[in-house]
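Written out below as structure tokens is the structure these notes cover.
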Amino acid sequence: MKKLIKEITSVFGPSGDEEKIRKYIKKQINNYVDNVYEDNLGNLIAVKKGKSNGKKIMFAAHMDQIALMITHIDEDGFLRFTNVGGVGHNFLPGTPIVFADGTIGTIGVEKLENINDLEMSKLYIDIGANNQQEAEKIVGIGDTAIYAPNFSENNNRVISNYHDDRIGCVVLIEAIKNIQDNNNELYFVFSTQEEVGLRGAKTAAYQIEPDIGIAVDVTATGDTPESHIMDVSLGEGAAIKIKDNSTITHPLVKDLLIKECKNNSINYQFEVLEFGGTDAGAIHLTKGGIPSGTISIPTRYVHTPTEMVDLSDVKASIELVTALSKSIF
Amino acid sequence: MLLKRLSEASGVSSNESEVRDIIKDNIEDKVDELWTDVMGNLIAVKGKKKKGKKVLLSAHMDEVGLMITGIESNGLLNFRPVGNIDKRSLVSKPVIVGNDKINGVIGSKAIHLQKSSERNNPIPWSNLYIDIGTSSKKEAKKYIELGDFVSFKTKFKQLGINHAKGKAFDDRVGCSVIIDLLKYEYDFPLYVVFSVQEEVGLRGAGRAAFDIEPSMALIIESTSASDVPESEDYEFSSSLDKGPALTIMDKSLISNKKIIQGIINTSKQNDIPYQIKKSNTGGTDAGEISLTKEGIPSAVISLPSRYIHSPVSLISLKDYDYLKKLIKLYLQDLNKGEF
């Protein structure tokens with residue numbers, strides 16, 4: 001699983017530009033599913049057929065990443081940029097980044113009188129070009145760059161540039177490999193454009209019309225020094241989301257997740273997130289409404305270039321998704 | 001010139017009938033079917049029986065403006081904005097009020113009477129009013145009803161050789177381009193939507209797309225050109241005279257890559273200039289259209305326009321001609337609507 005995490009967090013796939021990651025995931029799951037296809041918005045959808053008494057479950061993990069987009073190339077070959085999704089500019093100075101073709105760069109900052117003056121417009125990307133002409137041979141306006149891969153591990157704790165939400169993709173990929181004899185009909189959606197407004201999952205849910213929807217995504221924790229108060233900790237198990245800004249988990253789904261954790265001795269914790277949202281927010285308001293919830297993987301430093309998870313939480317999440325494949329509800 | 005007629009017509013969000021009627025007159029004989037839907041969107045189809053996939057072009061008919069919200073005892077009219085308007089741009093502008101097109105001017109306290117604190121701040125909505133020359137509430141009520149829409153009284157005029165000034169280029173330019181495109185033949189069914197209520201929250205076009213279910217959508221817009229002294233060059237969103245602007249990303253949409261690449265290819269093959277819009281702010285009908293039903297691959301192409309959302313804006317007529325030509329050639333390059 002570590003190999004998968006290392007590989008998948010290094011594959012390029014900013015919101016709206018998910019071609020490479022889509023190909024990568026398709027290759028991982030092709031042999032384990034009955035059908036796999038791409039829809040109009042680029043979502044990768046894999047199907048495992050169920051039995052006649054089964055229900056239809058849609059799982060969604062987003063494969064897109066927050067990123068930087070080039071807006072201007074100046075005379076000296078420096079690149080100005082804007083954010084794709086929720087990028088915190090205070091984490092950017094000194095961060096190595098990489099473009100789709102492998103071009104690398106680092107982020108510099110203009111001279112500041114006061115550190116509080118730091119904002120996105122004071123930052124620039126340096127790709128080592130000597131002038132505009134040289135830079136324009138390598139990159140163009142509208143090109144996107146991601147945080148450079150930086151997978152590393154200490155025992156059970158793993159750091160990478162994009163656990164959000166490649167770790168959710170890992171959970172679904174591993175579950176797809178595990179699941180056998182499922183009675184529910186399972187739709188695994190590797191969704192697009194989550195980071196810019198839960199867009200891919202919305203159209204996928206419209207087409208699939210599941211009985212329930214489950215997003216698999218990262219969540220913040222409250223277990224670091226002077227952190228926001230939040231009762232989620234690394235290593236305490238899969239987090240069952242109660243609410244965030246996009247959804248209040250449907251009671252049917254919440255009870256189902258608790259039941260499966262108890263029946264299968266899966267470590268779990270509850271999560272109340274006071275900000276943010278997941279694909280469940282888009283799924284549950286589709287058509288006549290779809291009972292939905294989220295399985296969250298507790299993650300420290302979400303949306304920074306170095307996010308940290310605990311592998312035991314990842315394993316618990318995989319077990320929970322696997323258990324749902326046979327769940328009767 | 002049709003763009004002049006469209007620019008000078010009044011069509012504040014939800015009150016688009018004058019614009020709709022002009023468009024109807026100009027496209028009736030060029031399309032197979034033409035109808036207005038429940039929301040008020042004007043929809044037409046050309047080549048309905050052709051075999052290819054449905055392609056949708058969309059532009060919005062509505063413009064930002066004002067609405068009458070009160071009548072003072074001295075006959076002056078209170079108002080509030082419809083859509084995003086910079087209130088600093090309003091004082092002393094001539095306007096027309098209501099469907100009877102009553103002339104008025106936006107008034108405020110003269111500079112001699114302002115306190116220094118008032119001079120340093122934008123005048124609040126509550127202190128701005130429209131003066132139609134009536135001197136009592138009773139007299140004003142003969143001409144005005146609460147809820148009447150107000151649009152700017154700005155004449156379209158060519159400036160210099162290549163530029164034009166006028167109001168509501170956002171998005172009468174798009175309407176005008178689509179009308180022009182309907183003159184030509186394409187080898188797929190072409191659906192066009194002239195949408196309502198874009199400026200108050202992208203409300204119209206998505207509903208139309210829901211009914212049409214196209215296989216792709218191209219939204220033709222007007223976007224802000226910011227090549228003006230108060231901006232650094234890296235802050236320019238788009239510039240005048242550098243060709244139509246393609247949107248890679250804004251707040252409502254990430255454009256479909258294949259459509260954008262197709263338009264770039266067409267422009268390169270035909271030596272038509274284009275620019276990539278540099279800012280990621282704002283949103284268009286494409287946001288709603290792209291998320292309709294199972295998803296509709298969508299993209300936005302715009303005419304750069306200075307001083308957008310104000311009583312008068314300025315465009316390049318050269319960019320405008322390039323925009324028409326580029327989309328026409330792109331659509332002719334599309335084989336059976338496959339992009």
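So here's what we get for this one:
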{"read-out": "Positive dipole terminus of chain A, leading residue within A:312, A:47, A:233 (C-beta point charges)", "value": "A:47"}
{"read-out": "Distance from the range A:53-83 to the range B:262-339 (C-alpha centre basis), Å", "value": "22"}
{"read-out": "Acute angle (nearest 10 degrees) that the helix B:17-27 long axis makes with the longest principal axis of chain B, alpha-carbon atoms", "value": "30"}
{"read-out": "Acute angle (nearest 10 degrees) that the helix B:257-269 long axis makes with the longest principal axis of chain B, alpha-carbon atoms", "value": "80"}
{"read-out": "Pairs beyond 23 Å (Cα-Cα), from A:3/A:27; A:20/A:122; B:87/B:318", "value": "A:20/A:122; B:87/B:318"}
{"read-out": "The range A:218-276: Cα Rg divided by the 2.2 N^0.38 Å rule of thumb", "value": "1.16"}
{"read-out": "Dipole axis of the range B:75-194 (+1 Lys, Arg; -1 Asp, Glu on Cβ), positive-most option in B:113, B:102, B:160", "value": "B:113"}
{"read-out": "Whole-number Å³ per residue for the convex hull built on Cα positions in the range B:66-152", "value": "90"}
{"read-out": "Angstrom value of the Kirkwood radius, inverse mean 1/r, which spans all Cα pairs in chain B", "value": "20.7"}
{"read-out": "Value at 222 nm in deg cm²/dmol, rounded to 500, when DSSP H runs of n ≥ 4 in chain B each add -39,500 (n - 2.57)", "value": "-7000 deg cm²/dmol"}
{"read-out": "Chymotrypsin sites (Phe, Trp or Tyr not before Pro) restricted to DSSP loop in the range A:229-322 with at most 13 other C-beta within 10 Å", "value": "A:275"}
{"read-out": "Ellipticity estimate at 222 nm from DSSP helix runs (n ≥ 4, -39,500 (n - 2.57)) divided over chain A, nearest 500", "value": "-7500 deg cm²/dmol"}
{"read-out": "On Cα atoms only, tilt of B:169-181 relative to the major axis of chain B in degrees", "value": "30"}
{"read-out": "Exposure proxy ranking, count of Cβ atoms within 10 Å, fewest first, for A:257, A:112, A:68", "value": "A:112, A:257, A:68"}
{"read-out": "The range B:139-208: trypsin sites (Lys or Arg not before Pro) in DSSP coil with no more than 13 other Cβ atoms inside 10 Å", "value": "B:142, B:155, B:183"}
{"read-out": "Unsatisfied cross-links (Cα-Cα over 32 Å) in the set A:6/B:293; A:51/A:202; B:109/B:167; A:23/A:202", "value": "A:6/B:293"}
{"read-out": "Which of A:322, A:5, A:37, positive extreme of dipole for the protein assembly as shown (C-beta unit charges)", "value": "A:37"}
{"read-out": "At q = 0.06, 0.07, 0.12 Å⁻¹, base-10 log of I(q)/I(0) for the protein assembly as shown (Debye sum, equal scatterers on each alpha carbon)", "value": "-0.39, -0.53, -1.28"}
{"read-out": "Per DSSP, loop GluC sites (Glu not before Pro) in the range B:157-245 with at most 12 further Cβ within 10 Å", "value": "B:185, B:230, B:232"}
{"read-out": "Rg/Rg_ref, the range A:187-305, where Rg_ref = 2.2 N^0.38 Å and atoms are Cα", "value": "1.05"}
{"read-out": "At R0 = 60 Å, FRET efficiency that the Cβ-Cβ distance of residue A:231 and residue B:257 yields, to 0.05", "value": "0.90"}
{"read-out": "Of B:99, B:84, B:121, the one that fluctuates the most in a GNM where chain B has Cα springs shorter than 10 Å", "value": "B:121"}
{"read-out": "Stokes-Einstein diffusion coefficient of chain A, Kirkwood radius over Cα pairs, 37 °C, 0.692 mPa s, in µm²/s", "value": "162"}
{"read-out": "Dipole magnitude of the range B:14-146, debye to nearest 20 (Cβ charges: Lys/Arg +1, Asp/Glu -1, about Cα centre)", "value": "440"}
{"read-out": "Of all DSSP beta bridges in chain A, antiparallel share, percent nearest 5", "value": "60"}
{"read-out": "Only Lys, Arg (+1) and Asp, Glu (-1) charged, at Cβ; the range B:249-294 dipole about Cα centre in debye", "value": "180"}
{"read-out": "Ascending count of other beta-carbon atoms within 10 Å, so fewest first, for B:35, B:125", "value": "B:35, B:125"}
{"read-out": "Cα radius of gyration and Dmax for the range A:69-147 (Å)", "value": "12.0, 36"}
{"read-out": "Flagged links, alpha-carbon separation over 20 Å, of B:93/B:155; A:287/B:258; B:242/B:278; B:4/B:242", "value": "A:287/B:258; B:4/B:242"}
{"read-out": "Cβ-based net charge around residue B:40, under 13 Å, with every Lys or Arg adding one and every Asp or Glu removing one", "value": "-2"}
{"read-out": "Only Lys, Arg (+1) and Asp, Glu (-1) charged, at Cβ; the range A:69-147 dipole about Cα centre in debye", "value": "220"}
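Rule-based calculations on the coordinates, nothing more; no lab input. For clarity, every value in this text was computed on a predicted model and none was experimentally measured. For neighbour counting, all protein chains shown are included, and Cβ atoms are generated from backbone atoms with ideal geometry for every residue, glycine included.
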